[in-house]
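A.B. asks: Sharing a structure here in structure tokens format.
The values are calculated or read from the model by the stated rules, or taken from the named source; none is laboratory data. Here the structure is a predicted model, which means the values were calculated and not measured. Cβ placement follows ideal geometry from the backbone for every residue including glycine, while neighbour counts extend to all protein chains displayed.
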Amino acid sequence: MSAPLAVRFLHLAAALTWVGGMIFVALVLVPVTRGIEDAALRRRLMHETGMRFRAVGWGAVTLLVATGLTNIWLRPELLTLSRFWVKAVLVTVAVVLSALHDFVLGPRAGRPDAAPSLRPAASWVARVNLLLVLVVVYLGLSFR
């Protein structure tokens, strides 16, 4: 396997891990936990799963940034594409939103004494972020 292909493979694997985890949380974990009547159990399940995904997700984001920079080094012509710059801006926004969700809103919303407005705020940040990263994936696939 050539180095450029290996870098692209790692980039794609990291993207699948990050985006796939976000989709799992949105489409599986959150709906299942809504059906759990015991609030303490529901919070614990969300917290434990969130902490595990946070470690995996941020590892994937780190790999995405490293392989993305390596892709630019291997293919500097990407810097001339306007959709590359759109992707770069959206990646930056997605990373900031992920940090806001994972380190600020999510932990605060999970507390038993959380303000009622925190859970919907955390949920909306996660939804917007998922849409952004799906656009990023689309843009990434448009590069040849």
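A.B. asks: I'd like to know if segment 4-15 contains one or more residues that are touching a helix residue (DSSP H, G or I) at 6+ places or on another chain (Cβ under 7 Å) and over 21 Å from Ala88 (Cα atoms).
C.D. replies: No, segment 4-15 has no match at all.
A.B. asks: Any idea how many residues of segment 1-47 are surrounded by 11 or more Cβ atoms within 10 Å (Cβ to Cβ) and within 21 Å of Leu78 (Cβ to Cβ)?
C.D. replies: Adding up the residues that qualify gives 14.
A.B. asks: Please go through segment 31-59 and give me each residue that is without any contact (Cβ under 8 Å) to a residue 12 or more places away in the chain and of a type in the set (A, V, I, L, M, F, W, C), ordered by number.
C.D. replies: Across segment 31-59, the qualifying residues are Val32, Ile36, Leu41, Met51, Ala55.
A.B. asks: Now, a different point. Within segment 10-28, does at least one residue satisfy the condition of being part of a helix (DSSP H, G or I), farther than 23 Å from Leu130 by Cα and out of contact with any Leu (no Cβ under 6 Å at 6 or more places or on another chain)?
C.D. replies: No, segment 10-28 has no match at all.
A.B. asks: Under 30 Å from Arg111 (Cα atoms) and part of a helix (DSSP H, G or I): is that true of Val61 in this structure? Before the answer, list the steps.
C.D. replies: Values: under 30 Å from Arg111 (Cα atoms): yes; part of a helix (DSSP H, G or I): yes.
Yes: the conditions hold for Val61.
A.B. asks: Take the residues in segment 76-122 that are assigned to a loop (DSSP other than H, G, I, E, B) and surrounded by 15 or more Cβ atoms within 10 Å (Cβ to Cβ); name whichever of them is modelled with the highest pLDDT. So that I can check it myself, show each step before the final result.
C.D. replies: Going residue by residue through segment 76-122, those that are assigned to a loop (DSSP other than H, G, I, E, B) are 81, 110-117.
Retained after the next criterion (residues that are surrounded by 15 or more Cβ atoms within 10 Å (Cβ to Cβ)): 110, 114.
Details: Gly110: 86, Ala114: 89.
If we take residues in segment 76-122 being assigned to a loop (DSSP other than H, G, I, E, B) and surrounded by 15 or more Cβ atoms within 10 Å (Cβ to Cβ), then Ala114 is modelled with the highest pLDDT.
A.B. asks: May I pose another question? Tell me yes or no: at least one residue of segment 44-55 is aliphatic (A, V, I, L, M), more than 16 Å from the chain's Cα centre (by Cα) and farther than 19 Å from Ala94 by Cβ.
C.D. replies: Yes, segment 44-55 contains a residue that is aliphatic (A, V, I, L, M), more than 16 Å from the chain's Cα centre (by Cα) and farther than 19 Å from Ala94 by Cβ.
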